[in-house]
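Only one structure is covered here, and it is reproduced in the block below.
The values are calculated or read from the model by the stated rules, or taken from the named source; none is laboratory data. Please read all numbers here as calculations on a predicted model, not as lab measurements. As a convention, Cβ positions derive from the backbone with ideal geometry for all residues, glycine included, and neighbour counts pool all protein chains shown. These accessible areas exclude ligands, DNA and RNA; they are computed on the full protein's heavy atoms, side chains included. Shrake-Rupley method; radii C 1.70, N 1.55, O 1.52, S 1.80 Å.
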Amino acid sequence: MNDCNGCTACCEGYLKADLITRVTERRIALGKETCPYLMKDVGCAIHDDGNQPVICERYACLWRRGTLPDIHKPSISGWLLTEDKGQAHLIKMRDDACEVSKEVLIEWALNVFKKVTLKTGKGGTIMIIRDLNG
């Protein structure tokens, strides 16, 4: 598994999740907002204090899982490729996201997943690229 090494894409509000911390039991609904525990230039403020939400411990984008080369790391390419229930979701994180990475990631996802979606930013437009499920 790849080390995040400063990449905080999954904390920046592009993914939908309910975060419930172990100690404070504070519920945080992500989807359009950045996680309140994300500290600029530091990363997660509660990562090492035993209060990190379980979902954060278990989640890994497809780059972090080691299935893609380093050039497609979200903090480098501007694209976050994630998987949920057997579907791939490619999310554009920045206006200057690499278009070459986009095409490579879409092609890779089409070879692996039955459904692939493309999303532009937080709460942005979702386009279904392929859906072999329905």
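A few comments on the model shown:
- Any hit, the stretch 118-131, residues being of a type in the set (Lys, Arg), closer than 25 Å to Asp3 by Cα and open to solvent by 50 Å² or more (accessible area, probe 1.4 Å): yes
- Annotation note: Cβ proximity below 6 Å between a residue of the stretch 3-23 that is within 21 Å of Gly50 (Cα to Cα) and surrounded by 13 or more Cβ atoms within 10 Å (Cβ to Cβ) and a residue that is at pLDDT below 70 and of a type outside the set (Asp, Glu) (sequence gap 6+ or interchain) occurs for Ala17/Leu30; Leu19/Ile28; Ile20/Arg27.
- Of the helices (runs of 4 or more DSSP H) lying entirely inside the stretch 19-134, those containing at least 1 residues that are under 13 Å from the mean Cα position of the chain (by Cα) and modelled with pLDDT of 85 or more span 74-77.
- For the stretch 95-113, the criterion of being surrounded by 14 or more Cβ atoms within 10 Å (Cβ to Cβ) and in contact with an Asp or Glu (Cβ under 6 Å, 6 or more places away or on another chain) is met by no residue.
- Consider the stretch 42-74 and keep the residues that are within 19 Å of Lys16 (Cβ to Cβ) and of a type in the set (A, V, I, L, M). The one that is surrounded by the fewest Cβ atoms within 10 Å (Cβ to Cβ) is Val54.
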